[in-house]
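Below is one structure, written out as structure tokens; comments come after it.
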Amino acid sequence: MLELAIQTCGLTYHYGNQKVIDNLSLKVEKGSIYGFLGPNGAGKTTTIKVLLNLLKSPADCVFLFGKDINTHRIESLKKIGALVEQPAIYGHLSGKQNLYNRCILLSIPRSKAIDMLKLVGLRDAADKKADKYSLGMKQRLGIALALLSDPELLLLDEPTNGLDPNGIIEIRNLMIELASKHQKTILVSSHLLTEVERIATHVGIINKGKLLFQGTIFELQSLKAAKLQVQVIPLQKATDLLTLAGYQISPAKASNSIELPYKSAEDSAEINALLVQNGCRVSSIHLVKKDLEHLFLDITQSN
Amino acid sequence: MISLLISLRSEFYKSKNTLAFWASILLPVLICGAITLAFFSNSDKILRMHYSPEVLWMNFAGGSLGVMGMLILPFYVIFMAFSVNNIEHKNDTWKSLFAQPLNKFSIYAAKYLYAVLLIFICLGLFLTLTYLSAQLLHLLIPAHRFDAYQPLNMLAKIYSKLFLSSLGILSLQFIISLIWADFLKPMGIGFVGVIIGIIAASKGWVYSYLIPYSQPSLALSLRKSANNSTIFTQEIYSSLIYAAVFFIIGYFIVSRKSIK
């Protein structure tokens, strides 16, 4: 059985009367990059805060490296580096001083701080006060703070927020390197599927506190099976003909159109021939590939 | 214990360039400096009074004690309780602080202890500077017979009382500043508390020792200290009990606090 870095068992969390997390059962394998996807307000940040024990969870509900976070808080936190929402930075201290302060809290040598500044490209701005940093620089410093203790598990809440395209690519490559070369486990939350698609090995989709999908990126991609869209009149006759021939028909969004599973080019030609030979007028027949963005929208909207 | 020391070191590190830290040094330097300057420039008048060395010392030390004890100390303590908590509220860093592998009690106790240490440093500097500036005055104007009386015991006792009497206010204000992130609530509540405290203490209300904000004024009151040579008087006991109770309540709040 694969070892799990994070496991939640039917986690439910309320803010007052509002249920923010609803029966969430996350399973994050060691060494994976887990893309935690969901629209804004879906419960991603709340989940991360529960994983950090910043929000209280019920007993025997949240396990990090197999141990209950409530009873093994310090032991678990030693293995975690986190960036939650906006980076938590002391504005009156410089970037370097922020890292030095964290070195004190983690009892690690200051030289690590310099390494991290180099890693996130902030060496030139190391002595600048953090409140003078741009959003992207703050985000980089937040990532440096999360990486400082060389943690086994990284919880990154929308880490590319505010970064320019180059910064996004750098952070993306850094995450891939951390997971592949250093065997780190990374849970990265995002509302952008394209972002997650590029780095994640596993995906969890959450909406309104509920986990709608969880699996490998390949499992997610297999959901986006291609369909054949046929524009034809009369529609009812075509539907009856194809149903009789054993096809599963579904209505399409375009007018006078139906959709059916795509099998092969030959199969598509046969469908065309069947319709034309039986007096139907086919005006278009083409392959529709659902991209993950639409799949994500479909999954979250149907919830 | 190690966790507490780590947290305390971090508190010093992140606050060393803030007003809260420098206030504890600047306040005694400025007040003692101003009083020394006033004594120096009014030397003729003071010498004409022919004070005994003991009264001269009382007059000199009373200058900073009066200003400090009655008014500035309570506000300074309120500001200190606000500052050590506000540094986390302002930067939204509670979440990262409590996500560190340190126990919550250490983080909380280090913050409290840091505020206590700053008050201790401030009052310790008042004592030291009062003594040293009197010696300086004696050097400059030998007619001031500061050398003829040894005030250190008296000063140490008064400043110790002042320090202990401020802990009740500190613990109460610490909780208020912990709960509310804004400036107005802790400062507003503290301001009203200090006014009520001063009125209750100056009017001699029999239960005024139960009001934390009255305790520094009561600790300095001549009426009490003349009759009682010990440090641990009624208002000091009351202050220490308040400090302990509010400190525990504060920890209870922190340990249950959800970082939203």
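The values are calculated or read from the model by the stated rules, or taken from the named source; none is laboratory data. Not measured: the values here are computed from a predicted model. In this analysis, Cβ positions are derived from the backbone assuming ideal geometry, glycine residues included, and neighbour counts consider all displayed protein chains. All accessible areas refer to the heavy atoms of the entire protein, side chains included, with ligands and DNA or RNA removed. Shrake-Rupley method; radii C 1.70, N 1.55, O 1.52, S 1.80 Å.
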Residues satisfying the stated conditions in the range A:85-108, i.e. of a type in the set (S, T, N, Q), assigned to a helix (DSSP H, G or I) and facing another protein chain (nearest Cβ under 8 Å): A:GLN97, A:ASN101
For the condition β-branched (Val, Ile, Thr), surrounded by fewer than 20 Cβ atoms within 10 Å (Cβ to Cβ) and over 26 Å from B:SER7 (Cβ atoms), what is the one hit in B:ILE72, B:ILE121? B:ILE72
What residue, among those in the range B:174-200 that are among the aromatic types (Phe, Trp, Tyr) and in a helix (DSSP H, G or I), is modelled with the highest pLDDT? B:PHE174
Residue in the range A:196-207 that is nearest to A:THR46 (Cα to Cα), counting only those that are open to solvent by less than 20 Å² (accessible area, probe 1.4 Å) and not polar (S, T, N, Q): A:ILE206
Only one of A:ILE89, A:ILE21, A:ILE80, A:ILE6 is under 20 Å from A:PRO151 (Cβ atoms) and open to solvent by less than 10 Å² (accessible area, probe 1.4 Å), namely A:ILE6
Scan of the range B:201-243 for residues that are open to solvent by 50 Å² or more (accessible area, probe 1.4 Å) and at pLDDT 85 or above, ordered by number: B:TYR237, B:LEU240, B:ILE241, B:TYR242
Of (1) closer than 10 Å to A:GLN229 by Cα; (2) in contact with a Lys or Arg (Cβ under 8 Å, 6 or more places away or on another chain), A:SER257 satisfies all except one. Which? (2)
Among the numbered criteria (1) away from every other protein chain (no Cβ under 14 Å); (2) within 30 Å of A:LYS49 (Cα to Cα); (3) at pLDDT below 90, which single criterion is violated by B:ILE2? (1)
Taking the range A:218-240 and the residues there that are among the hydrophobic types (A, V, I, L, M, F, W, C) and assigned to a strand (DSSP E or B), the one that is farthest from the chain's Cα centre (by Cα) would be A:ILE233
Kindly indicate whether B:SER24 is within 14 Å of chain A (Cβ to nearest Cβ) and in contact (Cβ under 8 Å) with a residue 24 or more places away in the chain. no
Looking at the range A:227-247 only, could you name the residues that are open to solvent by less than 70 Å² (accessible area, probe 1.4 Å) and closer than 12 Å to A:ILE285 by Cα? A:LEU228, A:GLN229, A:VAL230, A:GLN231, A:VAL232
Considering only the range B:194-219, state which residues are more than 16 Å from B:LEU164 (Cα to Cα) and touching a Gly at 6+ places or on another chain (Cβ under 9 Å). B:SER208
Could you check B:SER160 against (1) at pLDDT below 90; (2) open to solvent by 20 Å² or more (accessible area, probe 1.4 Å) and say which number it fails? (1)
Looking at B:ASN86, B:ASN59, B:ASN91, which is the one that is surrounded by fewer than 21 Cβ atoms within 10 Å (Cβ to Cβ) and within 14 Å of chain A (Cβ to nearest Cβ)? B:ASN86
State whether the residues of the range A:32-48 include one that is at pLDDT 90 or above and within 21 Å of A:LEU106 (Cα to Cα). yes
